[in-house]
């Protein structure tokens with residue numbers, strides 16, 4: 001028995017029953033029993049930890065940090081700055097684009113195991129968070145060294161340097177605290193503000209710290225590695241704001257749940273990219289995928305009701321929005337490494353995936369689970385999706401309830417012999433589908449919600 005909706009085939013519903021909770025329990029057991037492998041994000045975090053601890057062991061064994069009767073503060077300061085430099089650069093949009101473009105060049109005739117690992121390029125946040133943590137720890141160590149030298153009346157340390165380091169250490173510790181997953185999830189807006197404004201203040205204090213250190217140690221500031229490192233960090237932070245622009249937009253609101261934002265740029269962004277937009281430059285910023293216009297020029301974004309910001313955006317759409325930085329790739333772009341892919345989307349998650357499907361590559365399938373699609377997103381948008389992917393599997397959750405997306409994705413992947421599954425959904429569903437597929441031996445990819 002098959003199901004039809006506006007000419008679209010459904011998988012047999014009986015294959016979906018009573019498996020959701022069982023599969024979730026299986027994945028949870030795998031994690032608890034340590035049979036489930038670490039994510040690439042965690043592996044990169046551990047790699048950063050290992051490198052820092054290795055350097056610490058080397059410094060302690062060789063006495064690199066000890067000078068006659070005092071600590072070698074410059075060595076600790078350089079370690080703190082080195083980690084901070086990587087923390088910032090790995091989030092630089094130009095570097096992110098470079099990493100993705102290098103991965104996209106991977107030949108599809110390479111072994112699948114290699115391609116599966118390279119496709120996890122978007123887990124680079126593990127480097128970001130690992131280096132951020134150790135930048136904070138090294139700064140706290142440097143601060144302790146400064147206080148030690150000052151209390152022992154050793155030369156090269158002033159009270160001003162002590163106070164600057166204490167403030168800087170506290171600010172970096174606050175940023176790390178707010179970035180803890182539990183804290184970030186509960187106080188997301190506060191996390192964003194702390195990350196931006198406290199980060200800017202910490203950068204300003206770092207410049208004051210370097211200047212003070214150079215004065216106290218009688219060095220030319222231009223001869224300190226910290227000066228050039230901070231200059232690089234500052235330029236990296238400023239570059240996205242140099243691309244700040246106010247763009248007029250128009251809206252199509254098919255329902256109270258979603259709006260389609262239409263805009264024009266001097267040059268259309270590349271396929272599968274996303275922009276960060278805001279109603280006010282110094283307020284919240286949110287990333288949305290660029291959806292190309294099938295006929296003519298221009299671009300669109302699909303915004304659905306998923307919180308205070310998006311609700312206000314839908315209820316009171318502005319006449320313009322602010323764009324910052326350059327477009328960057330989304331997780332869906334990793335499909336380029338595979339011969340066959342199953343795409344899975346829930347609700348407005350269809351937006352980030354639709355651009356990748358326009359290319360009409362062979363052996364790809366799309367599963368879209370959403371509440372009454374025509375009522376929610378409008379006939380025009382649904383018809384466009386059907387034009388791009390005529391054999392799409394649409395699951396209407398209003399009519400049929402929530403499906404087991406892992407089972408749906410797995411069945412479809414088996415049918416087309418897919419090398420990978422790409423899922424765009426909320427955090428719980430994304431983790432469920434990605435972890436479930438990988439636990440069964442098939443590569444799967446979805447957004448991560450870590451720093």
When 430, 250 are arranged by how many other beta-carbons sit within 10 Å of their Cβ, fewest first, they go 250, 430
Subtracting the Cα-Cα distance of residue 358 and residue 144 from 0.36 nm times their residue separation yields 71.4 nm
The computed P(r) of region 378-451 puts the percent of Cα pairs beyond 19 Å at 45
Compactness check, region 332-446: C-alpha Rg relative to the 2.2 N^0.38 Å globular estimate gives 0.98
Between the modelled labels at residue 386 and residue 114 (7 Å from Cα along Cα→Cβ) the distance in nm is 4.4
Hull volume per residue for region 245-329, using the convex hull of the C-alpha atoms, in Å³ is 94
Longest principal axis of the chain (C-alpha) makes with the long axis of helix 199-217 (C-alpha) an angle, in degrees to the nearest 10, of 20
Taking max minus min of the Cα coordinates of region 128-219 on each principal axis, largest first, gives extents in Å of 46, 20, 19
Rounded to the nearest 10 degrees, the helix 225-242 long axis (Cα) sits at an angle to the longest Cα principal axis of the chain of 30
Taking Cα atoms, the helix 40-62 axis meets the longest principal axis of the chain at an angle in degrees (rounded to 10) of 10
So residue 220 and residue 58, fully extended at 0.36 nm per residue minus their Cα-Cα distance, gain in nm 55.5 nm
Once residue 427 and residue 198 are pulled to full extension, the length gained, defined as 0.36 nm per residue separation minus their Cα-Cα distance, is 79.7 nm
Region 40-242: spread of alpha-carbon positions along the three principal axes, whole Å, largest first, is 64, 41, 34
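Any read-out appearing in this document is the output of simple, stated calculations on the displayed coordinates, not a laboratory observation. Everything quoted here is computed from the prediction, not taken from an experiment. Cβ sites come from the backbone with ideal geometry, for glycine too, and all protein chains shown count toward neighbours.
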